[in-house]
Amino acid sequence: MERIDRMDGIGRMDGIGRMDRIPPTRLSRLLTGWTKGGAEALPRLLADALRELAQRGDVPAGTMLPAQRVLAAALGVSRSTVTAAYGQLEAEGWLESRRGSGSRLRGAGAPDAPASEGRLAGFGARDGGIDLSSGALDGLPAVADAVRGLPARDLASALLHDGYLPYGLPALREAIAGYHRAAGLPTTADQILVTAGSQQAVWLITQGLVQPGDSVIVEDPTYRGALEALRARGARLVPVAAGAEPAALGRLVGHLRPRLVYLQPAVHNPTGRSLDARARQAWADVLTEHGLYTVEDNSYAELDLRDDAAPASLATRLPPAATATVGTLSKLFWGGLRLGWVRATPTVVARLAEIKKSVDLACPVVEQLVAVQLLQRLPEARALRRARLRDRLAETERLLRARVPHWRWERPAGGSALWVEVPGADTEATAQLARRDGVFVVPGPAFSAVDGFRHHLRLPFADEDGRLEKALPVLADRAARGG
């Protein structure tokens with residue numbers, strides 16, 4: 001039990017999620033874009049970046065910062081750089097240092113809010129450089145076609161009402177329900193809540209179904225957006241190895257009673273793995289046996305590269321009252337189409353809709369009208385997107401074998417990125433060093449509940465403008481230096 005108590009990966013936390021110490025790996029991921037300048041400017045730039053985190057409340061006042069030597073190693077800078085930055089902050093009153101106790105951040109931050117990973121803070125904020133931090137895809141031609149072909153009668157009908165539809169456009173809810181029925185999962189429209197992408201869907205679930213201090217079982221590694229949402233809610237994260245046998249879950253449940261289990265059985269992010277039929281049934285048996293509420297995140301399921309078939313759902317094998325499924329149109333059609341959904345019981349949908357109303361009232365109606373049209377074009381969209389991704393994956397694998405033959409990866413079943421092991425390298429330091437040369441990449445610990453996978457990087461392979469090829473010499477060199 002002692003190990004489980006430490007598995008939040010943040011440091012010791014009380015029941016409402018208050019942070020005591022932030023690990024250097026997490027702090028390094030929050031510190032983005034601060035290294036633009038010569039070596040002599042690094043202490044000032046680091047102090048400015050730490051002060052900004054405190055001012056925004058991204059790192060709460062009272063947080064214990066890492067020891068200077070440890071943070072220097074994580075950032076790939078000299079210890080004197082961190083010492084000077086800490087000294088500047090202490091002189092300005094932003095840091096309180098005590099011999100033997102470390103350095104505690106002061107300031108006007110939100111005291112009870114744990115820091116996120118900064119995943120969304122840098123979205124669209126890269127000032128030049130080569131951005132490999134996101135696996136988001138460009139838009140398919142079907143999106144433009146659907147916009148141009150939007151029936152005037154549909155828009156005219158929508159304009160007869162006020163447009164505030166917190167559960168989603170009825171036609172879209174029914175279309176999504178039909179999508180699940182076609183995959184063998186009986187679904188009615190009142191089981192669907194339309195959300196602003198899968199990220200909001202996961203966030204709503206954490207807000208509506210998880211209380212601070214609840215234990216939540218997650219795969220390790222897993223989707224970092226889910227880790228952020230759960231940490232912000234004050235959940236206690238309990239990892240089970242991604243791809244592990246379901247018996248591992250049974251052993252965990254013998255020691256604690258989790259509030260829910262968060263899984264990605266189809267096209268896992270970041271590994272790209274998918275469970276076969278035997279493994280799905282084995283997981284379903286264990287989940288059902290122990291009465292565990294399951295959140296099945298199928299955000300990447302439409303990017304299965306093995307064939308062009310519709311994705312299968314684990315929920316077909318689970319009790320309906322103990323399952324919520326997350327889906328999205330953003331991965332298949334376009335990242336800019338911010339529409340996802342939760343499929344759950346009508347009771348859970350109603351609870352989540354109340355929370356959603358307090359955030360954004362409703363999703364844009366015109367986008368939902370477009371989504372109804374897009375769902376009618378699924379087969380051709382799948383074929384086009386998956387064909388493009390297969391080609392890009394093959395080219396990327398050839399590139400990596402030629403340029404970095406000692407790097408290792410498992411060919412993914414789907415997705416838009418490779419989960420690459422870089423032997424001997426500390427990828428946190430690699431990412432920090434590469435950032436100074438304008439290459440932005442996400443290290444393995446960002447996807448881990450316990451800051452594991454220090455030798456892994458996630459590398460998107462879907463771009464067609466040669467970004468990865470341009471960035472690879474920098475990454476290879478910095479990996480060798482940051483090992």
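The values are calculated or read from the model by the stated rules, or taken from the named source; none is laboratory data. Nothing here was measured: the structure is a model prediction, and the numbers come from that model. Positions of Cβ are backbone-derived with ideal geometry, glycine not excepted, and every protein chain shown enters the neighbour counts.
Among the candidates Arg403, Arg467, single out the residue that is touching a residue at least 24 places away in the same chain (Cβ under 8 Å) and in contact with a helix residue (DSSP H, G or I) (Cβ under 9 Å, 6 or more places away or on another chain). So that I can check it myself, show each step before the final result.
Working: Arg467 fails: in contact with a helix residue (DSSP H, G or I) (Cβ under 9 Å, 6 or more places away or on another chain).
Result of the check over Arg403, Arg467: Arg403.
Are any residues in region 438-477 in contact with a Gly (Cβ under 8 Å, 6 or more places away or on another chain), of a type in the set (D, E, K, R) and at pLDDT below 95, and if so, which ones?
Listed by number, the residues that qualify are Asp451, Arg454.
Which of the following residues is of a type in the set (Val, Ile, Thr), closer than 24 Å to Pro445 by Cα, surrounded by fewer than 20 Cβ atoms within 10 Å (Cβ to Cβ) and modelled with pLDDT of 80 or more: Val77, Val59, Val70? Talk me through it step by step, then tell me what you get.
Working: Val77 fails: surrounded by fewer than 20 Cβ atoms within 10 Å (Cβ to Cβ); Val59 fails: surrounded by fewer than 20 Cβ atoms within 10 Å (Cβ to Cβ).
Testing whether each residue is of a type in the set (Val, Ile, Thr), closer than 24 Å to Pro445 by Cα, surrounded by fewer than 20 Cβ atoms within 10 Å (Cβ to Cβ) and modelled with pLDDT of 80 or more leaves just Val70.
I need every pair where a residue in region 357-375 that is without any contact (Cβ under 8 Å) to a residue 12 or more places away in the chain has its Cβ under 9 Å from the Cβ of a residue that is of a type in the set (D, E, K, R), sequence separation at least 6 or different chains.
Taking only residues 6 or more apart or on different chains, the pairs are Pro364/Arg338.
Is there a residue being without any contact (Cβ under 8 Å) to a residue 24 or more places away in the chain, among the hydroxyl-bearing types (Ser, Thr, Tyr) and either over 20 Å from Val194 (Cα atoms) or assigned by TED's automatic domain parsing to the domain that holds Gly336 (or both) anywhere in region 159-167?
Pass one, region 159-167, residues without any contact (Cβ under 8 Å) to a residue 24 or more places away in the chain: 159-162.
From what's left, among the hydroxyl-bearing types (Ser, Thr, Tyr): none.
Looking through region 159-167, none of the residues is without any contact (Cβ under 8 Å) to a residue 24 or more places away in the chain, among the hydroxyl-bearing types (Ser, Thr, Tyr) and either over 20 Å from Val194 (Cα atoms) or assigned by TED's automatic domain parsing to the domain that holds Gly336 (or both).
Which of the residues that make up region 61-93 are in contact with a Phe, Trp or Tyr (Cβ under 8 Å, 6 or more places away or on another chain) and in a loop (DSSP other than H, G, I, E, B)? Before the answer, list the steps.
Initially, region 61-93 is screened for residues in contact with a Phe, Trp or Tyr (Cβ under 8 Å, 6 or more places away or on another chain), giving 65, 68.
None - no residue of region 61-93 is in contact with a Phe, Trp or Tyr (Cβ under 8 Å, 6 or more places away or on another chain) and in a loop (DSSP other than H, G, I, E, B), so the list stays empty.
Could you say whether any residue in region 255-265 is farther than 21 Å from Trp203 by Cβ and without any contact (Cβ under 8 Å) to a residue 40 or more places away in the chain?
Of all residues in region 255-265, those farther than 21 Å from Trp203 by Cβ come to 255-257.
From what's left, without any contact (Cβ under 8 Å) to a residue 40 or more places away in the chain: none.
No, every residue in region 255-265 fails to be farther than 21 Å from Trp203 by Cβ and without any contact (Cβ under 8 Å) to a residue 40 or more places away in the chain.
Quick one: Gly100 ticks every box in (1) at pLDDT below 85; (2) under 25 Å from Asp58 (Cβ atoms) bar one, so which box is it?
Every condition holds for Gly100 apart from (2).
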